[in-house]
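The values are calculated or read from the model by the stated rules, or taken from the named source; none is laboratory data. In this text the structure is predicted, and so the values were computed from the model without any measurement. We place every Cβ from the backbone using ideal geometry, glycine too, and count neighbours over all the protein chains shown. Surface accessibility is based on the protein's heavy atoms, side chains included, excluding ligands, DNA and RNA. Shrake-Rupley method; radii C 1.70, N 1.55, O 1.52, S 1.80 Å.
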Amino acid sequence: MSDSIHWFKYSSPPAFYPLAGMFAPWFFAAAAVLGVIGLYLGFFVAPTDAQQGEAYRVIYIHVAAAWMSMFLYCVMAFWAGFGLAFNTRLSSMMASALAPTGALMTFIALWTGALWGKPTWGTWWVWDARLTSELILLFLYLGFISLQAAIDDPRRADKAGAVLALVGVVNVPIIYFSVQWWNTLHQGASVSMTKSPSMAATMLWGMLVMALAFWMYSIGAALMRVRSIILERERHTDWAKALGGVQP
């Protein structure tokens, strides 16, 4: 019980601020190391694909970014919903901090998908079910960010953003299952929880390491961004002023 009380204190922005600053560099360092390993495995160790040739290697960035775009939206919606339900300040701040990184991951997934689609499909873009739903995800991220920025009162902005985030969650399973639900050009999943991977072991390891690198980066970026949000919203408090360089 005492351990739970000890960790509960970090739900307060003043207590979480230094904790985030302490852990963020470690996550960035892990992202850099894992990224180098993953790119090396994907671009120099993994064999050339028999059907797609060298063009397939973009998957080591594309798939990791696509996974993170969906995962981060779910996490963002969770924190936004938690803040809406329990009126916890830090939860809403975490949702706001995750949104830009989620939008970045979605953009990378779409951009690298276009690079992959040109040699594979012969075109940069098709209105494929998965591509279209991923584009909608980008609009949801941008809508969340824009809606919060358009409302001056942080509390009202958090509530409005939370409603949009929770409604948009329905798009995530549509992205994931779109290949199975509709006749789509996008290939099916090479990695599944219900069957063995349909790729070489080195390909799989490169993809998983890159996904972990993107995950570490996302955590580090969210921690750094939430520190900025905390300072912005708490700038009138004594503890924030005591940090120095924060104007009332």
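Before moving on, here are some points about what is shown:
- Spacing of the two label points (7 Å from each Cα toward its C-beta) at S228 and Y40, in nm: 3.2 nm
- Karplus-derived 3J(HN,Hα), 6.51/-1.76/1.60, for each residue of the stretch 170-176, Hz, glycine and proline x: 4, 6, 5, x, 5, 4, 5
- Debye, to nearest 20: dipole size of the stretch 76-168, +1 on Lys, Arg Cβ, -1 on Asp, Glu Cβ: 80 debye
- When the stretch 53-137 is reduced to its Cα atoms, the Kirkwood hydrodynamic radius in Å: 13.9 Å
- Per-selection Kirkwood Rh - the stretch 31-95 (Cα, Å, 1 d.p.): 14.3 Å
- Here the chain is assigned +1 on the Cβ of each Lys and Arg and -1 on the Cβ of each Asp and Glu. Its dipole about the Cα centre then comes out at about 260 debye.
- Options M70, Q51, W125, ranked by Cα towards positive dipole end of the chain, top entry (Cβ charges): M70
- Applying the Kirkwood pairwise sum to the alpha-carbon positions of the chain produces a hydrodynamic radius of 19.6 angstrom.
- Fraction of accessible area attributable to carbon and sulfur, the stretch 16-174 (%, probe 1.4 Å): 75 percent
- Taking only the Cα atoms of the stretch 1-123, the ratio Rg/Rh comes out at 1.12, with Rh defined as the Kirkwood radius.
- Full extension of the chain between F86 and F139 yields a length gain of 16.4 nm, computed as 0.36 nm times the residue separation minus the alpha carbon distance.
- Per residue, in Å², the accessible surface of the stretch 67-173 once ligands and nucleic acids are set aside, probe 1.4 Å: 46 Å²
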